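Each reported figure results from applying straightforward, stated rules to the coordinates on display, with no laboratory input. Computed from a prediction, not measured in an experiment: that's the story for all the values here. Using ideal geometry, Cβ is built from the backbone for each residue, glycine included, and neighbour counts are taken over all protein chains shown.
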Amino acid sequence: MIAFASRTGNVRYIVSRLRLPAIEISDGLKLSEPFLLFTYTDGLGDVPRAVTQFMERNGALCRGVIASGNSNFGHLVFGGAGDAVARQWRVPLVRKIDLRGFAEDYEEIRRYYERCFREERKSDEVLLEVK
Ligand SMILES: Cc1cc2nc3c(=O)[nH]c(=O)nc-3n(C[C@H](O)[C@H](O)[C@H](O)COP(=O)(O)O)c2cc1C
């Protein structure tokens, strides 16, 4: 599933177009299954506070991060939330998206999602066989 944070609606818009299982990050949310994080960028390349708190509770289940930003902020901080999460949690940076992005961004996210969660299921099956 995708866990997302959106302040002004861009991320929420993209998530609605993806048609994948998704949940909006809220205070105290605790997930019990692996997820992709989709966040906007705040401050100067910063991770929104609610996302940092969410990751402190759920980071171990994160399988990758997508970040929306605004390229007018300049390449040093564009989508910086994605870089910061990827570095701190050692997860792949799947995609940086300028505002609401384009069709190819959505395709890339879908491709990663399918690959990631299909492989996750496969490795579960292998574990079951071993038992
Ligand atoms: C106060 C503020 C700070 C921002 N800082 C950055 C930034 O450092 N880097 C960046 O790429 N985008 C930055 N943005 C742009 C947002 O991340 C971008 O508009 C994003 O698409 C918002 O997603 P949302 O509509 O889902 O909240 C900032 C926006 C605001 C309002």
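Against the definition (within 13 Å of the chain's Cα centre (by Cα) and among the acidic types (Asp, Glu)), how does Glu24 come out, yes or no? In short, yes. Here Ser16 passes the criteria (1) over 24 Å from Glu120 (Cα atoms); (2) polar (S, T, N, Q); (3) within 13 Å of the ligand (Cβ to nearest atom) except the one numbered (1). Counting the residues of the stretch 1-48 that are of a type in the set (Phe, Trp, Tyr) and farther than 23 Å from Arg87 by Cβ gives 1. Scanning the stretch 89-106 for residues that are away from the ligand (no atom under 16 Å from the Cβ) and under 16 Å from Ser68 (Cβ atoms) gives Ala103, Glu104.
Identify, please: which residue in the stretch 71-83 is touching a strand residue (DSSP E or B) at 6+ places or on another chain (Cβ under 7 Å) and not charged (D, E, K, R) and is, among those, farthest from the ligand (Cβ to nearest atom)? The residue in question is Gly82.
Results for (1) under 17 Å from Ile23 (Cα atoms); (2) not aromatic (Phe, Trp, Tyr), shown as yes or no for each residue.
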| position | (1), (2) |
| --- | --- |
| Phe38 | yes, no |
| Gly43 | no, yes |
| Val51 | yes, yes |
| Leu61 | yes, yes |
| Tyr106 | no, no |
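Taking helices (runs of 4 or more DSSP H) as the structural unit, those lying wholly within the stretch 1-94 and holding at least 3 residues that are farther than 18 Å from Tyr106 by Cα and in contact (Cβ under 8 Å) with a residue 40 or more places away in the chain correspond to 49-58.
Selection of the stretch 20-43 for residues being more than 17 Å from Ser68 (Cα to Cα) and out of contact with any Lys or Arg (no Cβ under 9 Å at 6 or more places or on another chain) yields Pro21, Ser26, Asp27, Ser32, Glu33.
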